[in-house]
Amino acid sequence: TRLRVRALQISQFGYGLIADATFSNDVERHLLEDAARAANVPFTGLWLDASPATLERRVVRRKKDASDADVSVLAWQIAATSPPTDWKKVDANGLPTEVVGRARDLVESCPVEMAVAQRVPTVNLVS
């Protein structure tokens, strides 16, 4: 996939990266993990998990956002998504600063080689 190729290219330059996409099934998630392995870089999968009500509130409030997803797309995604069992779950309810703090705490609790990879400059890939 295009996202996997871009992730591989960026990681080969020594950058950490954040792949920001739905990753609604194991196949999509494993492609990203495989790209990290192919580049010989550590991988930490974080799954941001929020209640459907929280997600709907966020979609409705969005203005001038890169995503064209609306509430009907959200409902489809919720129904079609199988959360990973092997990624670290982050409670994504609450304020963005709280969610970022929880994610940071999880990354910093990773083994040193993983945490170091997360502290280099990052590039956000948006599919």
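For the reader, a short list of remarks on this structure follows.
- Inter-label distance, residue 12 to residue 75: 4.4 nm, where each label sits 7 Å from its Cα along the C-beta direction.
- Under 5 Å from the amide H of residue 18 lie the amide H atoms of 123, 124, 125, each residue being 5 or more positions distant or on a separate chain, with H modelled from the backbone and absent for Pro and chain starts.
- Between residue 37 and residue 67, the FRET efficiency estimated from the beta carbon spacing at R0 = 35 angstrom works out to 0.75.
- Dipole moment magnitude, nearest 20 debye, region 1-83 about Cα centre, only Lys, Arg, Asp, Glu C-beta charged: 320
- Annotation: per residue accessible area for region 1-115 equals 66 Å², rounded to a whole number [probe 1.4 Å, protein chains only].
- In this structure, the amide hydrogen of residue 48, modeled 1.01 Å from its nitrogen in the peptide plane, lies closer than 5 angstrom to those of 90, counting only residues at least 5 positions away or on a different chain.
The values are calculated or read from the model by the stated rules, or taken from the named source; none is laboratory data. What you are looking at is a predicted structure, and each value in this text was computed from that prediction instead of being measured. So basically every Cβ, Gly included, is an ideal-geometry build from the backbone, and we count neighbours across all protein chains shown. In case anyone asks, the SASA skips ligands and DNA or RNA and just uses the protein heavy atoms, side chains included. Shrake-Rupley method; radii C 1.70, N 1.55, O 1.52, S 1.80 Å.
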